[in-house]
Amino acid sequence: SSKTFWTTTGMFPQELIIGFPKCVKISKVAVQCYLVRTLTIEKSTSKDPVDFERCIEKELQHREGQLQMEEFPLPEFQATYLRFIIQSAFDHFVSVHRVMAEGT
């Protein structure tokens, strides 16, 4: 829902894990967030959210008063879980408003 968001508790790193009902192929990930400085995306193909492998780590640009919309075009990969790790931020608290994964 565009009316909801997830917010951090003030210390870093913070993580958010998204699970799919089965292993899927993903070709692009997009994140809409606020005040995130460094974001790492990891994947897992395990039945449980364990054994994550790093896909990408990116420094995001600061956009005062605006949401950050970041796309991460990746080589197609399979995943059952995606873990988003906010390594650092531009403030004590940040928010994640939307996460989108494209693929089959």
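Determine, for the chain, the count of lysine pairs separated by eight or more sequence positions (or lying on different chains) whose alpha-carbon distance falls under 16 Å.
So the count works out to 7.
Remark: the Arg54-Met69 segment gains 3.3 nm on full extension, using 0.36 nm per residue and subtracting the alpha carbon distance. By accessible area, using a 1.4 Å probe on protein heavy atoms only, the chain has 49% of its surface on carbon and sulfur.
Along segment 32-37 the Karplus relation, 6.51 cos²θ - 1.76 cosθ + 1.60 evaluated at θ = phi - 60°, assigns HN-Hα couplings of 10, 8, 9, 6, 7, 9 Hz to successive residues, with x for each Gly and Pro. What the Cα convex hull of the chain gives, in volume per residue, is 99 Å³.
The values are calculated or read from the model by the stated rules, or taken from the named source; none is laboratory data. On a predicted model such as this, the values are computed, not experimentally measured, just so you know. Note: accessible area is taken over every heavy atom of the protein model, side chains too, but ligands, DNA and RNA are not part of it. Shrake-Rupley method; radii C 1.70, N 1.55, O 1.52, S 1.80 Å.
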